[in-house]
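Everything on this sheet refers to the single structure shown next.
Throughout, read-outs are computed from the coordinates displayed, never taken from laboratory work. Here the structure is a predicted model, which is why all the values come from computation and not from measurement. Please note: Cβ atoms are built from the backbone with ideal geometry, for glycine as well, and neighbour counts cover all protein chains shown.
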């Protein structure tokens, strides 16, 4: 039962942070490109890499901060929806750029996070 509270509590905090960060970025980003979701997902990948290298994936801290908070903060579904909207609005190349930056950038951020985590 403790696991559910750790993951659920972290997810609640992550979702609230995602909402606030999205509002903040959208206030300044004046283009069709979904910068808010990209920044959030890349940041979550970086943090997840740091947490995984620091705690492993079985520790309570990882359940709270990694699975919970990073899982609640990042959003695959919004990324997918935004890419589809770009495609439907005839911005296919922008959609592909967004998906490429999200996927490749996410992997790079996890690797950087793992590397940074090993330094501490």
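Quick rundown of the values:
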read-out: Rounded, prolate or oblate (a/c below 1.5 giving rounded, otherwise prolate when a/b exceeds b/c) for the stretch 59-120 by Cα gyration tensor; value: oblate
read-out: Relative contact order %, the stretch 30-120, counting alpha carbon pairs below 8 Å whose residues are six or more apart; value: 51
read-out: 0 to 90° range, to nearest 10: angle between helix 2-28 axis and the chain longest Cα axis; value: 30
read-out: Ascending count of other beta-carbon atoms within 10 Å, so fewest first, for 91, 81, 28; value: 28, 81, 91
read-out: Rounded to 10°, Cα long-axis angle of helix 92-119 versus longest principal axis of the chain; value: 20
read-out: Label zone at residue 78, where the point sits 7 Å out along the Cα-to-Cβ direction: the stretch 27-62 residues whose backbone N lies under 15 Å; value: 27-29, 33-45
read-out: Structure-based [θ]222 nm, the chain - -39500 (n - 2.57) summed over DSSP H runs of at least 4, per residue, nearest 500; value: -26000 deg cm²/dmol
read-out: Descending semi-axes in whole angstrom, ellipsoid equivalent of the chain, from the Cα gyration tensor; value: 27, 16, 12
read-out: Label-point separation, residue 85 to residue 107 (7 Å along Cα→Cβ), nm; value: 2.7
read-out: Cβ-based exposure ranking for 30, 64, in which fewest neighbours within 10 Å come first; value: 30, 64
read-out: Förster radius 30 Å - calculated FRET efficiency between residue 3 and residue 31 (Cβ-Cβ, nearest 0.05); value: 0.15
